[in-house]
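Asker: This is the structure I have questions about; it appears just below.
The values are calculated or read from the model by the stated rules, or taken from the named source; none is laboratory data. From a predicted model like this one, the values you see are computed outputs, not experimental measurements. FYI the Cβ positions are ideal-geometry reconstructions off the backbone, even for glycines, and counts take in every protein chain you see. For accessibility, only protein heavy atoms count, side chains too; no ligands or nucleic acids. Shrake-Rupley method; radii C 1.70, N 1.55, O 1.52, S 1.80 Å.
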2 protein chains.
Amino acid sequence: MPLFSSTYTNKVDKKGRVSVPAPFRSTLPSDDQSISVLPSLVSKAIEGFDYSYLTQISERLDNYDMMTVPGQPSNPAAKILSRSMTLSIDSDGRIVLPQEFMKHAGISDRAVFVGLGKTFQIWSPEEYTAAMGQDEEELM
Amino acid sequence: MPLFSSTYTNKVDKKGRVSVPAPFRSTLPSDDQSISVLPSLVSKAIEGFDYSYLTQISERLDNYDMMTVPGQPSNPAAKILSRSMTLSIDSDGRIVLPQEFMKHAGISDRAVFVGLGKTFQIWSPEEYTAAMGQDEEELM
DNA sequence: TCTAATACCATGTTATTCCATGATGGATTG
DNA sequence: CAATCCATCATGGAATAACATGGTATTAGA
């Protein structure tokens with residue numbers, strides 16, 4: 001199981017490309033170099049995790065019941081699945097952030113990767129420092 | 001096992017043709033590029049899944065004692081099987097939505113594909129935003 | 001034969017892959 | 001201990017492929 005830790009800031013080019021921090025990549029299974037992301041439901045950030053995490057969420061959804069029991073779109077698991085995208089990491093270690101996701105997180109030219117164990121988050125430097133409080137200035 | 005996620009909006013032409021989002025296609029088994037669909041039993045949408053999912057539902061129906069339990073058509077599994085159609089994906093990655101299905105979902109010229117894990121749904125943009133609530137505007 | 005469904009082809013746009021460069025740090029060797 | 005070599009990493013740009021989409025041709029069914 002992957003374990004994401006520490007904090008890294010990388011540049012985002014005009015196409016939305018950004019390098020996934022190497023330590024994050026190395027915790028991913030070597031046969032599936034991809035990450036799944038979605039706009040956070042609670043903050044101005046992007047939530048990230050590995051693919052197996054998505055399958056766990058999917059299993060929580062009994063789709064058979066979903067088709068016959070009303071109230072689907074508001075189901076939390078459905079919300080996560082419908083909003084998440086799986087981004088493949090290219091041979092240079094980069095992903096392309098979807099425009100809408102960047103917009104949600106207020107990301108333009110730099111992205112802060114924050115390891116949180118089984119998951120991580122991607123912030124804009126500005127939003128991250130604001131959310132963290134004033135005791136952060138050495139993000140460079 | 002395929003896992004459908006994220007949300008995509010594609011155009012529907014006058015013939016009812018629409019591209020299946022490439023990420024959805026790639027989760028399907030390469031030797032069976034088709035999807036099975038039915039009008040949702042609970043909402044103004046089309047339910048979709050791959051063929052193997054249909055067989056699972058069929059097995060549920062087999063476990064159901066048809067000889068002793070009356071009113072089989074009301075069995076959800078029976079309802080799903082009887083209403084489902086399997087649509088083949090053409091060489092350009094498109095399907096043709098049956099007219100009745102489009103009518104059920106209120107689809108005219110655009111279709112929203114919503115990934116929900118083992119299954120997905122197809123909505124009209126209008127109905128989908130209405131069903132999701134007010135907090136969705138970036139469907140593009 | 002006429003109509004409708006299906007298969008085929010063409011095109012612009014977008015995304016993905018490939019290649020080159022600079023920076024960094026660790027290890028090896030003089 | 002210092003200089004050099006090598007591997008990894010982040011980053012930019014350009015070439016290439018994939019995708020969505022509209023149109024036309026061909027086939028099949030009524």
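Asker: Suppose every K and R has +1 on its Cβ and every D and E has -1 on its Cβ; what is the size of the dipole of the range A:7-132 about the Cα centre, in Debye to the nearest 20?
Answerer: So the magnitude is around 380 debye.
Asker: For A:Leu41 and A:Thr129, FRET efficiency with R0 = 25 Å and r from the beta-carbon atoms, rounded to 0.05?
Answerer: Plugging the Cβ-Cβ distance into 1/(1 + (r/R0)^6) gives 0.70.
Asker: For peptide B:110-123, what's the mean number of Cβ atoms from other chains within 10 Å of each residue's Cβ?
Answerer: Going residue by residue through B:110-123 and averaging, the value is 5.
Asker: Sticking with this structure for a sec: Would you mind calculating the relative contact order of chain B from Cα pairs under 8 angstrom and at least 6 residues apart, reporting the percent as a whole number?
Answerer: It comes to 39 percent, rounded to a whole number.
Asker: Quick one: putting +1 on the C-beta of Lys and Arg, -1 on the C-beta of Asp and Glu, what dipole do you get for the protein assembly as shown around its Cα centre, in Debye to the nearest 20?
Answerer: 640 debye
Asker: Nm distances between the label at A:Val42 and the same-position labels in the remaining copies, 7 Å along Cα→Cβ, shortest first?
Answerer: A:Val42 label point versus its equivalents elsewhere: 2.5 nm.
Asker: Mean separation of Cα pairs under 8 Å and 6+ residues apart, divided by the residue count of the range A:1-83: what relative contact order is that in percent?
Answerer: 20 percent
Asker: Another question, if that's okay. Closest approach to the A-B rotation axis by any Cβ of A: residue and distance in angstrom?
Answerer: Residue plus distance in Å, as requested: A:Glu59, 24.
Asker: Then there's this: With no solvent and one equal point scatterer placed on each C-alpha of the protein assembly as shown, evaluate the Debye formula and give log10 I(q)/I(0) for q = 0.08, 0.17 Å⁻¹, two decimals.
Answerer: -0.38, -1.35
Asker: Hey, how many Å between the Cα centroid of the range B:2-32 and the Cα centroid of the range A:72-96?
Answerer: The range B:2-32 and the range A:72-96 have Cα centres spaced 16 Å from each other.
Asker: Looking at this model, which pairs from B:Lys15/B:Lys44; A:Lys11/A:Lys103; A:Lys14/A:Lys103; B:Lys14/B:Lys44; A:Lys118/B:Lys118; A:Lys103/B:Lys14 are more than 25 angstrom apart at the alpha-carbon?
Answerer: A:Lys103/B:Lys14
Asker: Something else: If Lys and Arg each add +1 and Asp and Glu each add -1, what is the summed charge of the other residues whose beta carbon sits under 11 Å from the beta carbon of B:Gly93?
Answerer: My count for the surroundings of B:Gly93 gives +1.
Asker: Shifting gears a bit: Net charge near B:Arg25: determine it from the other residues with C-beta under 14 Å of the C-beta of B:Arg25, scoring Lys and Arg +1 and Asp and Glu -1.
Answerer: Taking every other residue near B:Arg25 into account, the sum is -4.
Asker: Give the average, rounded to an integer, of partner chain Cβ atoms located within 10 angstrom of each Cβ in A:48-55.
Answerer: Mean shielding by partner chains, rounded to a whole number: 1.
Asker: What shape does the range A:67-108 have by the C-alpha gyration tensor, where a ≥ b ≥ c are the square roots of the eigenvalues, rounded means a/c under 1.5, and otherwise prolate means a/b greater than b/c and oblate the rest?
Answerer: In terms of gyration-tensor shape, oblate.
Asker: Follow-up. Taking a label point 7 Å out from Cα toward Cβ, give me the nm distances from B:Asn75 to the same spot in the other copies, shortest first, one decimal.
Answerer: Taking the point 7 Å beyond Cα along Cα→Cβ, the inter-copy spacings are 2.2 nm.
Asker: Sticking with this structure for a sec: Tabulate in residue order the Karplus-calculated ³J(HN,Hα) for the range B:80-93, using 6.51 cos²θ - 1.76 cosθ + 1.60 with θ = phi - 60°, rounded to whole Hz; enter x for Gly and Pro.
Answerer: The phi angles translate into 5, 5, 6, 9, 6, 10, 9, 9, 7, 8, 7, 5, 9, x Hz.
Asker: In terms of solvent-accessible area of protein heavy atoms at a 1.4 angstrom probe, what is the ranking of B:Asp32, B:Asp109, highest value first?
Answerer: Highest to lowest solvent-accessible surface, that is B:Asp109, B:Asp32.
Asker: Put a point 7 Å out from Cα along the line to Cβ at B:Arg110; what are the distances to that point in the other copies, in nm, shortest first?
Answerer: Listed shortest first, these distances are 3.6 nm.
Asker: If you don't mind, there's one more thing I want to ask. Could you give the longest part of chain A that holds none of the GluC sites (Glu not before Pro) found in DSSP loops with at most 15 neighbouring Cβ atoms within 10 Å?
Answerer: Counting only loop sites that pass the neighbour cut-off, the longest clear stretch is A:1-135.
Asker: For A:Gln99 and A:Lys14 in one chain, what is 0.36 nm times their gap in residues minus the Cα-Cα distance, to one decimal in nm?
Answerer: 29.6 nm
Asker: Expressed in whole Å with the largest first, what are the equivalent ellipsoid semi-axes of chain A derived from the C-alpha gyration tensor as the square root of 5 times each eigenvalue?
Answerer: Over the Cα atoms of chain A, the semi-axes work out to 27, 18, 14 Å.
Asker: Counting only protein chains, not ligands or nucleic acids, how are A:Leu3, B:Leu116 ordered by accessible area (probe 1.4 Å), most first?
Answerer: A:Leu3, B:Leu116
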